[in-house]
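What follows is a single structure, written as structure tokens, with notes after it.
The numbers here are math on the coordinates, done by the rules we state, and not lab data. What you are looking at is a predicted structure, and each value in this text was computed from that prediction instead of being measured. Please note: Cβ atoms are built from the backbone with ideal geometry, for glycine as well, and neighbour counts cover all protein chains shown.
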Amino acid sequence: MNEVIELMSRDGRSTAAVSPFGARVLSWICNGKARLFMPASAVANERNAPHGGIPVLFPQFGLFGDGPKHGVVRHLDWVLDERGDDFVLFCLALEQDEVIPAADVRLRVQLESNAIGIYFSVINSSSELMQFTCGLHTYLRVDDVANAQLLGLERGVWYDALQGLARQGPSHEVLSGPVNVDRVYANAPNQLTLVDGATRTIIEQQGFSDTVVWNPGPDLARDLKDLSGDEWRNFLCLEAAQIMPPVELPAWDTWYGHQRLHVEDA
């Protein structure tokens, strides 16, 4: 098993742990408080605990394509390309088969005093047009999702995965207590705010045009083997995604997307 890489911001206020397996951020601690959710089962083996941290989804988001759900790169060991005290860069080369395109992907994790940035890029390493969907499946820790509020999507239109991707909205209301939700907000704003008690987390994204909001609620959570008890209460997934439409990337061209999380504590 590859060694987990520990990062620290220059002022020491932020630390993170990043695994070469899936290039997944396993933890981010800022001002002494955990900002990402990881299930207790991950302590024994993070490879068998997919619901937590920031998994990378490529070349398919969810079931939006003909390949494996959420793609393949989250189940592969990436290569460490470069690292410093406050950043790490991973790369991975994919060979083409029936459902996977020929691609070189890169992920950079950059720590700041009170922020973390995840920078993802895809190079089409074939001589043909590539099509894919992708995302960063970010699990933000909250004290209780039933008391959380998400600001910025009041005017958004979403596709409800709990109702066969039926088109909904806009609601013109703040999304409060988002328990048991699975929504794809197309053409989402590039900045949202998650309010959790005295903490506000600013979620910024570029390149990714969609935002997915997900929490399984108690019924679905019982079917997720790596979650136990009421752990579903302690996260809200705010995922930077490119789904509607898929990316169409010309031969040898590069696509970029990133998400930045910035915390403000009262």
(request) Please verify whether region 161-172 includes one or more residues that are part of a loop (DSSP other than H, G, I, E, B) and in contact with an Asp or Glu (Cβ under 6 Å, 6 or more places away or on another chain). (result) yes
(request) Check Tyr256 against each of (1) under 18 Å from the mean Cα position of the chain (by Cα); (2) surrounded by 15 or more Cβ atoms within 10 Å (Cβ to Cβ); (3) more than 30 Å from Ala44 (Cα to Cα) and name the one condition it does not meet. (result) (2)
(message) Can you tell me which condition Ile54 does not meet? The list is (1) surrounded by fewer than 23 Cβ atoms within 10 Å (Cβ to Cβ); (2) under 24 Å from Ser14 (Cα atoms); (3) in contact with a strand residue (DSSP E or B) (Cβ under 6 Å, 6 or more places away or on another chain); (4) among the β-branched types (Val, Ile, Thr), and all the others hold.
(response) (1)
(message) Can you pull out every residue in region 237-266 that is touching a Phe, Trp or Tyr at 6+ places or on another chain (Cβ under 8 Å), under 18 Å from Asn190 (Cα atoms) and among the hydrophobic types (A, V, I, L, M, F, W, C)?
(response) Cys237, Ala240, Ala241, Ile243, Met244, Val247, Leu261
(message) With the structure loaded, tell me whether Arg233 is without any contact (Cβ under 8 Å) to a residue 40 or more places away in the chain and of a type in the set (Lys, Arg) or whether it fails that test.
(response) no
(message) Condition first: over 17 Å from the mean Cα position of the chain (by Cα), on the phi < 0 side of the Ramachandran plot and surrounded by 20 or more Cβ atoms within 10 Å (Cβ to Cβ). Can you find one or more residues in region 26-40 that meet it?
(response) yes
(message) Just to be sure I understand, how many residues within region 183-202 are under 25 Å from Asn31 (Cβ atoms) and in contact (Cβ under 8 Å) with a residue 60 or more places away in the chain?
(response) 5
(request) Could you tell me which residue of region 198-233 is nearest to Asn48 (Cα to Cα), considering only residues that are of a type in the set (S, T, N, Q) and surrounded by fewer than 21 Cβ atoms within 10 Å (Cβ to Cβ)? (result) Ser228
